[in-house]
Amino acid sequence: MAPMRTSHTPSRLAGFTLIELLVAISVMAMLALMSWQGIDGMLRAQDQTRQRSNDVQVVQTALAQWGADLDAVLSITNTTPLDWDGQVLRITRRSNTNPDLGPQVVAWTRRSGVDTAGGGQWVRWQSPLLRSRAEWNQAWQQAAQWARTPGDAERRREVVLMPLESWQIFYHRGGAWSNALSSSGNAPTAPGLTAPPPTLPDGIRLQLTLPAGQALSGNIVRDWVSPTLTPNPS
């Protein structure tokens with residue numbers, strides 16, 4: 001008797017169809033895109049945070065120097081301790097290294113033009129140590145010239161601090177703030193002064209406007225109070 005033969009149908013091989021592969025590839029691509037967008041967003045946030053932190057540090061450093069210059073202001077006979085003409089603030093101050101070596105003249109201004117990349121910059125200038133009244137007078141006049149038409153010699157003694165859209169200065173006298181240009185204590189300098197130097201204001205208010213479109217923008221107000229001010233008991 002011949003053996004019985006049974007019919008056998010081969011089983012379907014395991015695997016993915018072309019449609020299933022395309023769907024899987026599409027899902028993986030979407031996940032990769034979403035992951036990249038998330039990583040890109042995190043990197044952008046880190047860059048913005050880092051830039052803002054750097055900008056804040058630059059502003060803090062500039063304002064610290066501003067306060068240090070005002071704290072070191074000197075009232076010397078036949079000189080002017082402080083003068084603001086609407087463009088440049090000039091200060092006679094003690095040396096920041098050794099007060100016994102002689103005073104210095106420092107100046108602050110906002111510069112605009114081609115060399116500021118289309119915007120304004122807050123700039124500070126500092127004279128060498130001064131050992132005579134003639135040297136002080138020369139440095140005082142040089143500071144004014146530097147603010148208006150700086151030459152190579154003047155620029156070598158300047159430091160560009162930070163971008164600046166505009167700035168204003170106010171003096172505090174008699175219990176009220178007023179525009180520094182209209183304040184009575186902003187006396188002009190004249191060679192051969194014999195009267196006591198003009199009295200310093202009780203306080204100075206600095207108002208800065210930072211350019212828009214940067215990590216740090218808007219208005220900053222910084223008040224300085226004279227260390228010699230005697231508080232009113234009332």
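Just so it is clear, none of the values below were taken in a lab; they were calculated from the coordinates. Computed from a predicted structure; not experimentally measured. Positions of Cβ are generated from backbone atoms using ideal geometry, with glycine treated the same way; all protein chains shown enter the neighbour counts.
Assorted remarks:
- Estimated from the Cβ-Cβ distance and a Förster radius of 41 angstrom, the FRET efficiency linking Q141 and N54 is about 0.65.
- Sorting S75, S26 from the fewest to the most surrounding beta carbons within 10 angstrom yields S26, S75.
- Label separation (V159 vs N78): 3.2 nm, computed from points 7 Å beyond Cα along the C-beta direction.
- Peptides ranked, highest mean first, by Cβ atoms within 10 Å: ranges 218-224, 169-175: 169-175, 218-224
- Extension reserve of the T209-T149 stretch, reckoned as 0.36 nm per residue once the Cα distance is removed: 19.3 nm
- Per-residue Cβ neighbour counts within 10 Å put M162, M30 in the sequence M30, M162, beginning with the fewest.
- Efficiency of FRET between N219 and D71 - r from beta-carbon atoms, R0 30 angstrom, step 0.05: 0.80
- Note on region 46-225: Rg/Rh from Cα positions, Kirkwood definition for Rh, rounded to two decimals, is 0.97.
- Residues whose amide H falls under 5 Å from that of M162, counting only those 5 or more places apart or on a different chain, are W122, with hydrogens built in the peptide plane.
- Compared with the alpha-carbon gap, the fully stretched path from Q87 to M30 is longer by 14.7 nm at 0.36 nm per residue.
- Share of pairwise Cα separations in region 63-145, more than 21 Å, in percent: 28 percent
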